[in-house]
Amino acid sequence: ELTGETGPPPAHLVRPAPLSRHDFELAVRAALAALGRPDRLADSALLDATLPRSPDAAALAATLRRAIAGLADEPRGAEHRRVLERTYLRGAPSQEVAAELLDLPFSTYRRHLAQAVQRLCDVLWAVEIGAVPPPAGPDPSGGDQEVGRNRPGK
């Protein structure tokens, strides 16, 4: 009222409501499952998050690949990275086949996969809320988009 302006704020100042931690984790899990399908990844709720630099499936895929690669620097991270890469980046026809390719009993594979996905969610959530800097380095797939920067207008 005091400025004399009326109407809603400009679109570049309006941000969608942030995802709750639970919804964020669900979105990460769904994005992992859709990682090989850009058409499905384009509908991800993570595109409204601050993780990808631009609001497109390619930037989100690069963000996920870079975060998976970054797990190797953590304790037990090499195993987490290996399981996530075999499951989501170099997919196998089934989880049974993935376990076999990783030379793991199926129950061990499932346990490692659950732990790895949870750790990835923890890392990405810490980046999302600004608690840690985004994983550095080039996109393991060969792209060069940055990770974890706010998109313009977001």
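Does segment 76-94 include one or more residues that are open to solvent by less than 20 Å² (accessible area, probe 1.4 Å) and among the polar types (S, T, N, Q)?
Start the filter on segment 76-94 by keeping residues that are open to solvent by less than 20 Å² (accessible area, probe 1.4 Å), which leaves 77, 80, 83-84.
From what's left, among the polar types (S, T, N, Q): none.
Within segment 76-94, none of the residues are open to solvent by less than 20 Å² (accessible area, probe 1.4 Å) and among the polar types (S, T, N, Q).
Given the conditions (1) part of a helix (DSSP H, G or I); (2) farther than 28 Å from residue 109 by Cα; (3) over 13 Å from the mean Cα position of the chain (by Cα), and given that residue 72 satisfies all but one, which numbered condition is not satisfied?
(2)
What are the pairs, 6+ residues apart or on separate chains, where a residue within segment 109-138 that is open to solvent by less than 20 Å² (accessible area, probe 1.4 Å) and modelled with pLDDT under 90 has its Cβ under 9 Å from a residue that is of a type in the set (S, T, N, Q) and assigned to a helix (DSSP H, G or I)?
127/63
From the list 79, 96, 100, which one is in a helix (DSSP H, G or I), closer than 23 Å to residue 134 by Cα, of a type outside the set (A, V, I, L, M) and in contact with a helix residue (DSSP H, G or I) (Cβ under 9 Å, 6 or more places away or on another chain)?
On the way: 96 fails: closer than 23 Å to residue 134 by Cα; 100 fails: closer than 23 Å to residue 134 by Cα.
From the options 79, 96, 100, the qualifying one is 79.
Looking at this structure, is residue 21 within 16 Å of residue 126 (Cα to Cα), open to solvent by 40 Å² or more (accessible area, probe 1.4 Å) and in contact (Cβ under 8 Å) with a residue 60 or more places away in the chain?
Yes: the conditions hold for residue 21.
Of the residues in segment 36-69, how many are crowded, with 16+ Cβ neighbours inside 10 Å and not in a loop (DSSP other than H, G, I, E, B)?
Result for segment 36-69: 18.
The values are calculated or read from the model by the stated rules, or taken from the named source; none is laboratory data. Owing to the predicted nature of the structure, the values given are computational and were not obtained by experimental measurement. Every residue, glycine as well, gets a Cβ built from its backbone with ideal geometry; the counts of neighbours run over all protein chains shown. Remember, those area values only see protein heavy atoms, side chains included, never the ligands or the DNA or RNA. Shrake-Rupley method; radii C 1.70, N 1.55, O 1.52, S 1.80 Å.
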